[in-house]
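No value in this document is a laboratory result; all are computed from the given coordinates. This one's a predicted model, so the numbers in the text were calculated from it and none came from an experiment. Reconstructed Cβ throughout: ideal geometry from the backbone, glycine too, with neighbour counts over all protein chains shown.
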Amino acid sequence: MKSFRKMLGDAGVAASIAVALAAGTPAHADVASSRLGEIVGVEKASPAEVGVADILGLNTTMFELYANAAKAFQKTIQAEHPIILGLFSGAGGRFLLYRPGMAPLEAPPVPIVYQLLKSVGHSTMALTEVVLPYLGSPNDRMWRGPLLAYRSRMQSALEGLDAAPMRDDWKPVSRAILENNIAFMDAALAANAISAELLEDFAKKQGPLLKKNIAWAAQTQVEHWMDVLAGWKAMIGKDWDKTYAASNTIYVARQNNVLFSVLAQFFAPEAINDRLMLIETISFTTTPDDMMEAMTRIIADRSVGAAFFGDYHLMDYELMGGDAREAVIAEDKKRDIPVNLPPLAPFGSHQWPTLITPGPGPKTLSDLP
């Protein structure tokens, strides 16, 4: 009831103010001012605070104008250039072709055997994730429920393997992986414990088999997309030399990115970081619209860099990076610590946007024991 009466009271104040303002007499104006002061109050900002807000407002407005300009530029570039987007997906990727004046064309997906091989391989990885947290906790049995449930699914997958659309000479490896998974789970459940010895023996058995599944999945994926891009290049014809392309990646997939590597086989080396781009994201998947927006913004910014600083690719890089580098070197000197920075690379470098410096150590799965 108190809150209801307060609401009535507030409504009454508002009504009084409205009447006072409508009346327009000095007495009524005094009442209105008094009542307004009670419920509104006055907050004074300093000239410095106002100045800061006004200046920061320029940056906020810049992003609004930037977004509008990007939409216009996207229409322009799509009207003049073919564009290919290669997007990561759990099914081996998606490729879309945008041609001026035509509806987008999406390529057929990678054959389903790619997903089957990955799913079998991932089953071992997932199984390890279930038990690994409990390796150092012998009295913790929280893993038993998830393991029993996963064992049921593993058994169903094993029973369905013969009917799955997979090459007959690939099936024995997948079968062995699934059988080893089940044997490991049964041993852990029987012992009621996850031991380091059991896990180590399991890993030694699975490693060589997993390498084969991974290789076959990669071959399936690459062969499919190479066929697609070869067909698209022939379809686009003379306009290929003005075609843009981009693929997306998160950090772990940046090195040896499959989709970007396939695209690079159909573009000249000088197209890398120019018409062929690798766009980093924070999630495995992204939408075609987001990818298109990111790519066209990169291209649009290049004109700004050329207009103000005389370099077309300047805006592909951190604008303050060069000055910040000098500042880092100066701060290192002040603190008497060694400089730890990569060598300077020119704007518009066509080197691969991944680690390319050779050095010792294993570099592929086949390099590992």
* Asked: Quick check, is SER119 among the polar types (S, T, N, Q) and more than 30 Å from ARG144 (Cβ to Cβ)?
  -> no
* For segment 200-218, which residues satisfy the criterion of being within 22 Å of SER137 (Cα to Cα) and surrounded by fewer than 17 Cβ atoms within 10 Å (Cβ to Cβ)? -> GLU200, ASP201, ALA203
* Select from segment 219-267 the residues that are over 19 Å from LEU97 (Cα atoms) and more than 21 Å from the chain's Cα centre (by Cα) and write down the one among them that is surrounded by the most Cβ atoms within 10 Å (Cβ to Cβ). => THR220
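So that you can scan it fast, the table gives a plain yes or no per residue for (1) hydrophobic (A, V, I, L, M, F, W, C); (2) in contact with a Gly (Cβ under 6 Å, 6 or more places away or on another chain); (3) assigned to a helix (DSSP H, G or I):
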{"residue": "SER261", "(1), (2), (3)": "no, no, yes"}
{"residue": "PHE266", "(1), (2), (3)": "yes, no, no"}
{"residue": "ASP289", "(1), (2), (3)": "no, no, yes"}
{"residue": "MET295", "(1), (2), (3)": "yes, no, yes"}
{"residue": "ILE298", "(1), (2), (3)": "yes, no, yes"}
{"residue": "ARG302", "(1), (2), (3)": "no, no, yes"}
{"residue": "GLY305", "(1), (2), (3)": "no, no, yes"}
* Asked: Which of the residues that make up segment 193-234 are of a type in the set (Lys, Arg) and closer than 28 Å to ALA91 by Cβ?
  -> LYS211, LYS212, LYS233
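Has segment 110-126 got at least one residue that is aliphatic (A, V, I, L, M) and assigned to a loop (DSSP other than H, G, I, E, B)? Even if it seems obvious, please write down each step before you answer.
Step one: list which residues in segment 110-126 are aliphatic (A, V, I, L, M), which gives 110, 112-113, 116-117, 120, 125-126.
Keeping just the survivors that are assigned to a loop (DSSP other than H, G, I, E, B) gives 110, 112.
Yes, the conditions are met somewhere in segment 110-126.
Can you work out which of the residues in segment 345-369 that are of a type in the set (A, V, I, L, M, F, W, C) and surrounded by 10 or more Cβ atoms within 10 Å (Cβ to Cβ) is farthest from LEU259 (Cα to Cα)?
Step one: list which residues in segment 345-369 are of a type in the set (A, V, I, L, M, F, W, C), which gives 345, 347, 352, 355-356, 365, 368.
This time we only want the ones that are surrounded by 10 or more Cβ atoms within 10 Å (Cβ to Cβ), so: 347, 352, 355, 365.
Values: PHE347: 24, TRP352: 13, LEU355: 16, LEU365: 19 Å.
Among them, the one singled out is PHE347.
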* Name the residues in segment 311-351 that are under 20 Å from GLU270 (Cα atoms) and outside any helix (DSSP H, G or I), would you? -> ASP311, TYR312, HIS313, TYR317, LEU344, ALA345, PRO346, PHE347, GLY348, SER349, HIS350, GLN351
